[in-house]
1. State which residue is surrounded by the fewest Cβ atoms within 10 Å (Cβ to Cβ) when the search covers only the stretch B:141-163 and only residues that are facing another protein chain (nearest Cβ under 7 Å) and not in a loop (DSSP other than H, G, I, E, B).
2. Quickly run through the stretch A:384-397 and pick out the residues that are touching a residue at least 40 places away in the same chain (Cβ under 8 Å) and either more than 26 Å from the chain's Cα centre (by Cα) or at the interface with another protein chain (Cβ under 7 Å from one of its Cβ atoms) (or both).
3. Are there any pairs, at least 6 apart or on different chains, whose C-beta atoms fall under 6 Å, with the first in the stretch C:126-139 and closer than 21 Å to C:V112 by Cβ and the second assigned to a loop (DSSP other than H, G, I, E, B) and not hydrophobic (A, V, I, L, M, F, W, C), and if so, which?
4. Quick check on my filter: what residues within the stretch A:297-313 are within 14 Å of another protein chain (Cβ to nearest Cβ), under 22 Å from A:R470 (Cβ atoms) and part of a loop (DSSP other than H, G, I, E, B)?
5. Go through the stretch C:185-202 and give me each residue that's surrounded by fewer than 22 Cβ atoms within 10 Å (Cβ to Cβ) and either out of contact with any helix residue (DSSP H, G or I) (no Cβ under 8 Å at 6 or more places or on another chain) or modelled with pLDDT of 90 or more (or both).
6. Output the residues belonging to the stretch B:117-134 that are within 8 Å of another protein chain (Cβ to nearest Cβ), over 19 Å from the mean Cα position of the chain (by Cα) and part of a helix (DSSP H, G or I).
7. Does any residue in the stretch A:5-27 that is assigned by TED's automatic domain parsing to the domain that holds A:T206 come within less than 8 Å, Cβ to Cβ, of a residue that is of a type in the set (F, W, Y) six or more places away or on a different chain, and which pairs are these?
Amino acid sequence: MRGITKRFPGTLALDGVDLEVAAGAIHGLIGENGAGKSTLLKILAGDYRASEGSIEIAGEPVEITSPRAAREHGVGIVYQELSLLPNLTVAENISLGIEPSRGGRIEGQQVRARACDALEGIGVSVGPDRKVSELSLAERQLVEIARVLTIRQPRVIVFDEPTAALNHHDVVRLFEIMARLRDSGVAVIFVSHRYREVLEICDASTVLRNGQRVARVERGEASLERLVELTLGQRSATAFARTWRGEPGETVVSAHGLAIGSRIRDVQFHVRRGEIVALCGLLGMGQTEIARALIGDARDVNGSVAVAGRSGIPSSPRRAVVAGAGLIPEDRQLEGLFPDMSVRANISIAALGRIAVSPFLRLISWRRERRLVREVGTRTGIAPRVLPRSVRTLSGGNQQKSLLARWLLRRCDLLVCLEPTRGVDVGAKLEIYRRLEDLAQSGAGVLIVSTDLSEVLGLSDRVLVVYRGRISAELDPRTSSEQELLLAMQGGIEGERHGLLEPEAVA
Amino acid sequence: MALDLTPATVAPPLRERARDAAEAFGTLAVAGLLLLSFGLTSGPFLDGTNLRNILVQITVVGVAAIGETLVLLIGGLDLSVGANVLFGSVIAGDLVQRQGAPVWVGILGGVAASAGIGLLNGILTAVIGIEPILATLGTFLVAGGLAKIVLHSSWIVVEAPFFADLVRTHVVWDLPLMVIVMFALYAIAAVAMRVTTFGRSIYAIGGNPRAARLAGLAATRIKILTFTIAGAFAGIAGCLQIGQLGIVSSGNAVGLEFQAITAALIGGLSVSAGGVGRVERTLLGAWIVGMITNYQTIRGIPPNYQQALLGGILLLAILADRLFRTRTT
Amino acid sequence: MRTALDRRYRDAWFLAAMTVVAVVAFRIVEPSWLNRHTLQAIITQNGPLAIVAMAMTFSIVSRHIDLSPGAMLALAGVVTGLVYRDTGSLALGLLASLALCLVSGLASGLLVSFLGLNAIMVTLATYIWARGLALGFTNGDPIVVDTRLTSITNHSVGGFTIVAPLVVVLFALAWLVLSQTRFGRYTYALGGDPVGARRAGIRVGAYTTGIFVVMGFATWLASTIVVGQLASAQPYAAPSLELDAIIAVIIGGTRLAGGEGSVARTLLGVAFISILNSGLLNLGLTDAYYQVYKGAALLGVLSVQLLLRRLAAEEVRRRQEAEQLLAEAHGYA
């Protein structure tokens, strides 16, 4: 791909990006969120058209105008969100949409044969007659790969962040498949945030930053530190600076020996009133599960947790809320907002007890609701005239502020905030940081989970790095740089020279 | 501390306000239009007695539809309403007529019995987890059967004057007592939905069940309560029906659940998505259905064709709802 | 594989067991009940239910519910009768009702797939207007249809009418379509994940509409049988056919959420309901008790099935976790 430029109204997503991948090689594509990786991939996949630039495959210029065209040119992409139908079998999924049929009747034998061939081709032994719903995530990914490989003459296969949810064993298996593909002449592109893996398996890598290609690094030239440095570049001082840091008060949540499922072990940390703690890690390292466990939204949780003085793992979000915790989810449309209710009603929904008079009938006092919501709206920067409107009409930033207001109104002791500024414009971001700071100042404990490095360093009092289901490091944001943070998230530099992929210790 | 007073909206406020108004008044406009056209094309239609008649006709369905509306709002469906109305009226009638109990005992008993069926619905759907359409189908059979058992395959002529008074006594505007009761119940329900935490919770749970859970609402408890209340409304409707018909027989409430659902749908509720709609609009929906039925009768359209037309109208209402309302999926 | 078989089909085994229990129970109470005559009666009377239930399987697997068959059956019969009465030609009558059923199915399908209307609401409307028309056209009176059709449907060979082999043939056909053809495969896909199905290039709208048309055809077939059996078109026919069909499908183990199911399960469900119906009626129970038992049985079976399904899901999850742990351990062998 040469000189790829992509313009959207208002932004330049890609600026003259070159990507050269040799056949029979594995090429890494790395960069922060928003650097342009997914836009570049979408152009290759036919979902977008480049504003400028050209694409050549095997030396011949090609026009990729649609996903179908991409497939016909031999481009296949294994996305992070798998496209399998869980109620069908492996074989049925591999042939979905392209079943060989005669007179409407599917040739069951051929479907099975094709599946077996595809699976064998990547050296995998998943039974073709098993229902996808019964497979583990890793197995499903393998089936997805097999499905992608059924395109005619695969020439370029892209793996988009494939290792986020895999354990070591599965990653090794995946790499074997990628190596096999490489050896058969396919150009493999490996998009990942996990630089250790990139260093392990890629023959060369391209680093994007802010829509531009910053470097192309060959194997042997690269080290973890170099990749981190290239990714981040020269960073300006963070725009947000804390104006208040207080003495932390009593502990508002503590966890000992917390274990979730089989991938998160032996987690121990605490958050005190008045402090903002950040749980930080690459995608899939477990930080989101840990945060959700604190508010009762996780299964298979063991260990001891005490939330706001009440000991015991909350068994449901309701228990957690009653105990004094609150959650702002990553996807506010899906799990946070009530789309058809007003902003005011969205804010007051978690504090119905406060706006109700009359203990028996639980009547809502509109006056009290208006007053309290207006107060808390002012504290979060929501204009009063917006309050009666449907929450759908708000900008992302204001929607997020509404959720913040919700828990402020509830006077929660612990606020868990997953990706506090996702989908929020720059101006509103700073505002939200300020409000979170206020919240901490007013005596609550705040736990944020974020992949935005400057946000983490600028906002928090302590940074806990989660790596492979454990808290692997604690950093002081006042003295750490983004380089150091990203390095720690990548697993740190110790052990780099002794094997980049270390297996997790089995409990 | 700087406030963010920049325009916070994505859609211009004027357009949204217009849309809200259209939604709110769309159904009303339709009702007005129908009233006008029916009145213009048929003399006896706009007669006061006739209009009062319509109100009496829609009372039983109307009251039952209150409960159905609550269930639809929380994201469920109640197919047992008809049988539950019958069940309530049977218990009440039996207590009063056959057991000789005082009227208030009969009414209490009937409402309690229907509420009990509602409670069963709530437990089946919220605790055990059976889909509402299937659970209420089951209770439809059970409640209907129980009702018929108590009837001993005959019928009860309820002679207590109280019930007849429901129709005979004319209160304000020459309206029978039962109609006033219906209006009162709708008023109470509409206010309750706006002013109680229970009502607010119903909207939240129906609008986004996941968010409701994460916000700490006691969804299971509220769902059970909703179904139970719906049952109670069915029981009240049953008692009102005794007043209207004077007799409790097994054919009384046939097809009532579908009439109730139709009234709610015309009033703007949806079977597939909860959290949107207002109780009082169901009254409007019931009124529209009543008007159309009445008009057809006046014009001499045989009752069976009336039903056919009703089905067609329901289809139009669903279509209009889909095309003209914005709803987040 | 044996254990997988057990776990997935546990609820079907449960239903089969309940059916046997029911049969045994009824026989104990009324030993003369299950003889050849009752069996024939069961099959003959429930043939139409079986046919509609098989079509309903397709609907529910694709995540839509169709409330129209009962009313449509009556209306189709009425149309057949009217055309026959006015033209003297049975063939024309059957053709007319076939056209009606197919067009109605097509319309419902288009409304659901291209306008995005909810299937329950659309078919509810059909439920209302079709019955209305059926009653309206006939003023509630049956139309006599005394033709050769009756001799076909009621002709009995060894006590069994044509209904039995017809149901068997249709079952085989439905089973074939659902499990072996694209149409069937895509029915599952639609029910499992409509968005994913569309992404895979499946023409979701066309197949959804097709399923409604299939129900239309099944309804016509059932209607023809009923008209033949009764030698008349009854406007009050099949008052709760759709509900019984839905119950049969669900009780057979097909989930309302779609994506799974089979006609075999539905047939099992039909068998259970038919036997339950027949047995209870034979006990001389009045309509009322029978209704209560039927409702209670339905709720009971559903509850148990739900429980079994939840246990099975837990097992799967636990097994996956264990496999994960094992894989990790082996990684360092």
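1. At the first step, the residues of the stretch B:141-163 found to be facing another protein chain (nearest Cβ under 7 Å) are B:141-142, B:144-146, B:148-149, B:153.
Adding the requirement that they be not in a loop (DSSP other than H, G, I, E, B) leaves B:141-142, B:144-146, B:148-149.
Values: B:L141: 26, B:V142: 24, B:G144: 25, B:G145: 24, B:L146: 23, B:K148: 24, B:I149: 16.
Filtering first and then ranking leaves B:I149.
2. A:V386, A:L387, A:P388, A:R389, A:S390, A:R392, A:L394
3. C:T126/C:S68; C:Y127/C:S68
4. A:D297, A:A298, A:R299, A:D300, listed by residue number.
5. Listed by number, the residues that qualify are C:D193, C:V195, C:R199, C:G201.
6. B:L124, B:I128, B:L134
7. A:K6/A:Y48; A:I26/A:F190; A:H27/A:F190
Here is a yes/no grid of residues against (1) more than 21 Å from A:T479 (Cα to Cα); (2) in contact (Cβ under 8 Å) with a residue 40 or more places away in the chain; (3) buried (at least 21 other Cβ atoms within 10 Å of the Cβ):
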position	(1), (2), (3)
A:E221	yes, no, no
A:L224	no, yes, no
A:T251	yes, yes, no
A:I260	yes, yes, yes
A:I276	no, yes, yes
A:A298	yes, no, no
A:S304	yes, yes, no
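The values are calculated or read from the model by the stated rules, or taken from the named source; none is laboratory data. Note that the coordinates shown come from a computational prediction; the quantities given were computed from them, not determined experimentally. All Cβ positions, even for glycine, are placed from backbone atoms using ideal geometry, and neighbour counts span all protein chains on display.
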